[in-house]
Amino acid sequence: MAGLLKPPGNFALTPHKVSICILVQVYAPPSELSVPFPFSSVSHHNCLGIFLLSLTKACDSIFEPSLDELIAQLREIGGLLNHWLSDHLTRRLSSLASPDDLFNFFNDLRGILGGSDANVVDDDQIVLDPSSAIGMFVRRCLLAFNVMSFEGVCHLLSNIGTYCKESLSDCPPFELSHLDDSSNDPELEYESMELENFVFEKVSEEFEARKLANERVSFHSHAPGALFELVEDTDFPPSSSVEHIDRPREVSPCAPSTSDTLRGTGPPGGTFLRTNWQVQGYLSEQADAIEKHGSSFPIYAFESILKRLQKSAPELHRVHFLRYLNSLYHDDYPGALENLHRYFDYSAGTEGVEFVPDPSGCSGLGRYEIALLNLGMMHFHLGHPKQSLEVLIEAVRVSQQHSDDTCLAYTLAAICNLLSAIGFSNMTGIIGASYWPVAGIGTSSSIQQQLFVLLRRSLKRAESLKLKRLVASIHLEIAKFDLTHVQRPLLSFGPKASTKLRTCPANICKELWTSYHLISDFTDETSIMTTDGAFCTSWLQNLKKPRGSLVFSQENGIRSDSDIFHFSAQPSSIPGSVLHLLGSSYLVRAAAWETYGSAPLARINALVFATCFSDSSSSADAALAYAKLIQYLAVFKGYKEAFAALKIAEEKFLCVSKSIILLVKLQLLHERALHRGHLKLAQQLCDELGVLASPVTGVDMELKTEASLRHAQTLLAANQYDQAAAVAHSLFCMCYKFNMQVQNATVLLLLAEIHKRSGNAVSGIPYALACLSFCQSFNLDLLKASATLTLAELWLSLGPSHAKKALSLIHGAFPVLLGHGGLELRSRAFITEAKCYLAEPSFSVSEDPEMVLEPLRQASEELQVLEHHELASEAFYLMAIVYDKLGQLNEREDAAASFKKHIIALENPEDKDDPLSNFP
Amino acid sequence: MASKETCRTELRSAVRLLSDRGLYSASKWAAEQLMGIEQDPAKHTPSHTRFQRGSSSIRRRFRAAAAGDSSATPSAGVSYVATPSMAGAEDYEYDAIDNDFYLLAKSYFDCREFRRAAHVLRDQTSKKAVFLRCYALYLAGEKRKEEEMIELEGPLGKSDTVNKENVSLERELSALRKNGTIDSFCLYVYGLVLKEKGSENLARTVLVEAVNSYPWNWSAWSELQSLCTTIETLNSLNLNNHWMKDFFLANTYQELRMHNESLSKYEYLQATFSFSNYIQAQIAKAQYNLREFELVEVIFEELLRNDPYRIEDMDMYSNVLYAKECFSALSYLAHRVFLTDKYRPESCCIIGNYYSLKGQHEKSVIYFRRALKLNINYLSAWTLMGHEYVEMKNTSAAVDAYRRAVDINPCDYRAWYGLGQAYEMMGMPFYALHYFKKSVFLQPNDSRLWIAMAQCYETEQLHMLEEAIKCYKRAANCNDREAIALHHLAKLHCKLGHTEEAAFYYKKDLDRMEAEEREGPNMVEALMFLAQHCKTKKRFEEAEVYCTRLLDYTGPEKETAESLLQGIRYEKLDVEHFPP
């Protein structure tokens, strides 16, 4: 890296760099003893060394710190010496009064560099190795000074003057960069009524200050992060892989490897920029931060920084890109569009991205296909699937034309993503068949088949191009695809291979494993440089933090564990993007296990994600993991604990429209209202859920399905069977139209339930059976078990003669129901079991009362935790009857009393002592 | 409107006053307008008037009666403020010593030694001295700023160097304004400072005060104009009525692309200032934007006769000559401006245009580059350079140049159009649409832009024919000179199977071609379609007419027409014999 950053002219001398040089002189004075004058010990001496090293690498802000800030930092490391060091620094700086002083200073500086041959050096003497990091820095300073014109020297001198004056006059550093020094004459400022500049400065100052003070921590602990980034993925499987596929959007840190982007820092103009790669590193860091935090990222503050940056370096086009990202994540469509176009007009796509300058010279034409790719991603993000597809197809065409394979691979991946997320019902209406990028397959094939082929092809392409992260994320995408799609033969003619019409969990496991494996092998990772810079930044910031970070880590629970991880990280630690990818593989795993019905495994995977990856992933993903954990709590531990957890999550993530946390809250409240019998509230909550979805057809499908499913459930609870059935039917039709098979299974089960409740068991059975067969082909084990339970209930309601059959069905499903089912499911199973026994003519209660009482007791306990009044009353009712038969009157009275309590609660729903029920 | 005589006396004193204060360009402008007023033939020597009369004869031919009308209608009910002559009164408020200081300072100022001038006036308190000191300091700061811009030019571009004097100037001037001892010239400097600082609202207020108290300072008006970027801001200005305001309004309307309003204002002003070169050039500019190239050429020819060493606005003339492909006239113009002053951005632009017309795009780019070196914000040079790069097939350079143009002025529809074109060339029609949309938004009455957008929709990649039809319709509605739109509309409708619409547009196109006496393949196509269409619609007479016209052409069409005619005869027979 260093070799590439060396060309002269890219490195402008600024007062801050002169300060560092002065400190380097202190660190390595010529011809001194092993521990030079001001230092008390070797470790003390080394401390300054580390500090200097980080100063040359840190990129916490694009603008260099002022003298005050530097002195404050010096104080942290200087210990006893701090006064001496800062005095020395200011003295030396203010002694530079004429150009000749500068000449002498740099002459002296040369003396501290050792010669190339080490043997002439005394053992005791400290010399700076010219090829060490600090040595390199000094040499670059020297070179920059030597090529400087006299005007340049004059400017440097006057800049040093301002730099010292700023510090002495103790006025905020950014005030002087503007024309009006309002601090000197506030009255005047007021008179001129031009408050805008003033406010602007204040904001930027504040932001800077906050950032400098505790960047990492402030983002996480104050600014809650979660906003829903991708409109389409409101449920599992998570949106995460979208993030990787649009990797080209990120400013890839390998960019400086091209000579094009290797431009030095802008010259001083009131404020001074750091070196070029520090600026680049800062920008990519910010880009990551924007993508991670979504709309909770401070838009105006950052925008003003960008404005300043653009002012001092108008040719640094990456700024426009950051602006684009900033507006994109704040859903500012015109702003995003404008800045995207501007960025690519200027940069021609030759900045950033994994750009390899093409020896054949075609790169001279620019790579505008990347612009198209980004535009497509933008439309996708903002929920314009049609435009997005149109643009992406154009991107495919252009990248084929320019034989830009990398971009093609990314574009195909983006299209896959789009298809899987949106799920167009009729693609051919959107694009003409002849423009379809994978023209090999017939137009008659369904969208799923097209997606399947597309995924496989892009995987191949990515593999041949050795784009490891892309390969990994395509594997994840394939896993997601396989999760919800039955394999079908691709050929509609010819000899048919025997394909099982079911999903293949083994395949998914294989895909996940492959992706995982690839990620762990990121030898050609290029973002080490930023990691390095970020590491130094956090180290420098850490200087100011109180030492008791252990207490802090306990307070913040999961979060700051990885803070420690960051601090202890070596410069070659795992880059963020890889961590991100790894994290989402865990999310996909959790999703897979949830679908297959293994609750503990799903929970563990979500927990792993929340523990280890919530820092490196986007806040939306983290919120998703939290949401899942909360849902598990609700299902397995009851609402009390779930709401307690929800409260924590709400504090952690921003709870605004469409955030997953809000969604979970609504879901929980709805379920609880149903259980408690607050049907009006339930309906209201259900409507709230429904309006969160976008009105566009084909967008937000998951959310829409969920809303109408819950609507049907509410109607069912209100005993309005006809309407419930009508809603469920239309839902089924919609799911069928959009090929959402897994949801269809759920809908079928609901229909069976409706028929059961309406007392029409005979017509319910076919639905239950259909659901069973769906579950079978999709390997939905838990759903299958609950369908079996419903089937048993249906049989049972046909009469006592079917009790045996029902009992055997229940017993068959018991392992899954008890092992993975939630509280409600388990108790339902218990109650049904008891009912089966009671209904069976050959069974006599008095002989073996525990056979019935034990499950009933279990059920009633669990249902009380869940506050499910209806089922609980049923359990107590059965219990009372059994006790009555057994002649145990006291127990009977107890059970009857509990029954009465629950029935009254069910019939008189009232909101009591509940802080969360005051919704909305 | 004030009488000619009033204007004359006012301007005469203004020229003296302005040049005494070193406001040279304002005094130049005032002197130009002074000479632009028609002289009273009784008072002047015949030779003088002859010069004026003779030179304006051609222009008069073009000045339609409308101009005469507008000049005859002074806006009734508006009382013009005629500021009592300030001139001369101040000159005597000094005593001799102070005046000597001022004289020295002014001499330094004239030698462009601004700091020295300011230093001489450091203790002077008269308004005139204060102004000259402030103005000299401001200019010194500007000079230093420009030097620094070159010195500090880094690899990431120029940093934002600022005028270092502005802070202290602002402080001093705002204090003066507060205690009411500021004169209109100092207000002007204050406005300049505020504008550079970015406090636009206050700058506007201050400049309005400046022009209200002393309306003859054209520089102040121009600064004010540059701060009026929307019609709302313009209307919100609280300006006194004075004949200078009309100049201002005319200029501002032009910048706001209200060309017709601007034109009528100028024509009204021309009644008084009938010989003003400035007004003539401005009229030319407005006509150029309305694309009346013939008229513009005539105006410029006359302008050059009167003022042969003029360089201002000549780049526009060269654009007209370029559009009309007048090789020799353009080369003559280029030669003339080259000899007059080769280091003016306009001169470079004219030479660039000449090379472009000659097809030597590399050389042309060199000259546009030079123009941009002289003035980095020279809008038309960026756009023209973009055009050159497009010609050279260097699309990314073209995109870059165009983008810089639109970043300087986001209302430059030509550059937006160029961007769209460049992307379309690269085979990215969907991406290009964004730019075409921008350009038609800014210039909705330009058929070329609509046609370009329609063609973009029509490309085989996009194939959005409905949208293309909409665009062509817009184009056909706004004076499509080459009648491309009609033909395309007909063809598209035909393609989509809308035969009635297709017939309608073919007919329209045909009528138009007949009216303009054009011939060509389009004519044949239209006739052929109409013949067939009328035949299928059983309008045999019409069909026969079209077929007979087709017989005039040679080639396969003739044969088709013959067979059509035969078919028509048979069918006619059928209809006659077996009426339905």
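The values are calculated or read from the model by the stated rules, or taken from the named source; none is laboratory data. Computed from a predicted model, the values in this text were never measured in an experiment. Cβ sites come from the backbone with ideal geometry, for glycine too, and all protein chains shown count toward neighbours.
Annotations for the structure displayed:
- For the criterion of being within 11 Å of chain A (Cβ to nearest Cβ), buried (at least 21 other Cβ atoms within 10 Å of the Cβ), within 33 Å of the chain's Cα centre (by Cα) and not in a loop (DSSP other than H, G, I, E, B), B:Ala203 passes.
- Taking helices (runs of 4 or more DSSP H) as the structural unit, those lying wholly within region B:250-318 and holding at least 2 residues that are among the polar types (S, T, N, Q), at pLDDT 90 or above and under 26 Å from B:Asp341 (Cβ atoms) correspond to B:277-289.
- Checklist (1) surrounded by 20 or more Cβ atoms within 10 Å (Cβ to Cβ); (2) farther than 19 Å from A:Lys680 by Cβ; (3) of a type outside the set (Ser, Thr, Tyr) applied to A:Ala712, failing item: (2)
- Region A:596-645 - residue that is hydroxyl-bearing (Ser, Thr, Tyr) and part of a helix (DSSP H, G or I) and, of those, nearest to the chain's Cα centre (by Cα): A:Ser619
- No other residue among A:Lys480, A:Lys460 is at pLDDT 75 or above and within 22 Å of A:Gln743 (Cβ to Cβ) apart from A:Lys480.
- Screening region B:407-421 for residues that are within 12 Å of chain A (Cβ to nearest Cβ) and at pLDDT 90 or above and picking the one that is nearest to the chain's Cα centre (by Cα) gives B:Ala415.
- Residues (among the aliphatic types (A, V, I, L, M) and either facing another protein chain (nearest Cβ under 10 Å) or farther than 18 Å from B:Leu23 by Cβ (or both)) located in region B:183-200: B:Val193, B:Leu194
- Within region B:449-470, one or more residues are within 12 Å of chain A (Cβ to nearest Cβ), of a type in the set (S, T, N, Q) and touching an Asp or Glu at 6+ places or on another chain (Cβ under 9 Å).
- The criterion of being away from chain A (no Cβ under 14 Å), in a helix (DSSP H, G or I) and modelled with pLDDT under 85 holds for B:Asn522.
- Among all positions in region B:228-235, there is no residue which is of a type in the set (Val, Ile, Thr), assigned to a helix (DSSP H, G or I) and within 14 Å of chain A (Cβ to nearest Cβ).
- The residues in region B:9-34 that are touching a residue at least 12 places away in the same chain (Cβ under 8 Å), under 29 Å from the mean Cα position of the chain (by Cα) and surrounded by fewer than 20 Cβ atoms within 10 Å (Cβ to Cβ) can be counted, and the count is 4.
- Flag for B:Val206 being over 23 Å from A:Thr162 (Cα atoms) and not polar (S, T, N, Q): yes
- Among the residues making up region A:18-31, those that are closer than 10 Å to A:Val138 by Cβ and either modelled with pLDDT of 80 or more or surrounded by fewer than 20 Cβ atoms within 10 Å (Cβ to Cβ) (or both) are A:Ile20, A:Cys21, A:Val24, A:Gln25.
- Residue within region A:675-682 that is at pLDDT 85 or above and buried (at least 23 other Cβ atoms within 10 Å of the Cβ) present: yes
- The one condition from (1) aliphatic (A, V, I, L, M); (2) more than 25 Å from A:Ala590 (Cβ to Cβ); (3) touching a Gly at 6+ places or on another chain (Cβ under 6 Å) that A:Ala718 does not meet is (3).
- Flag if B:Gly180 is over 30 Å from the mean Cα position of the chain (by Cα), away from chain A (no Cβ under 12 Å) and either buried (at least 21 other Cβ atoms within 10 Å of the Cβ) or at pLDDT below 90 (or both): yes
- Identity of the residue in region B:425-446, facing chain A (nearest Cβ under 10 Å) and in a loop (DSSP other than H, G, I, E, B), that ends up surrounded by the most Cβ atoms within 10 Å (Cβ to Cβ): B:Met428
- Top-ranked residue of region A:852-867 - restricted to ones that are crowded, with 20+ Cβ neighbours inside 10 Å and touching a Lys or Arg at 6+ places or on another chain (Cβ under 8 Å), ranked as farthest from A:Phe814 (Cα to Cα): A:Glu862
- Only one of B:Ala397, B:Ala371 that is surrounded by 24 or more Cβ atoms within 10 Å (Cβ to Cβ), assigned to a helix (DSSP H, G or I) and not aromatic (Phe, Trp, Tyr): B:Ala371
- Residue count for region A:290-301, restricted to those that are modelled with pLDDT under 75 and of a type in the set (A, V, I, L, M): 1
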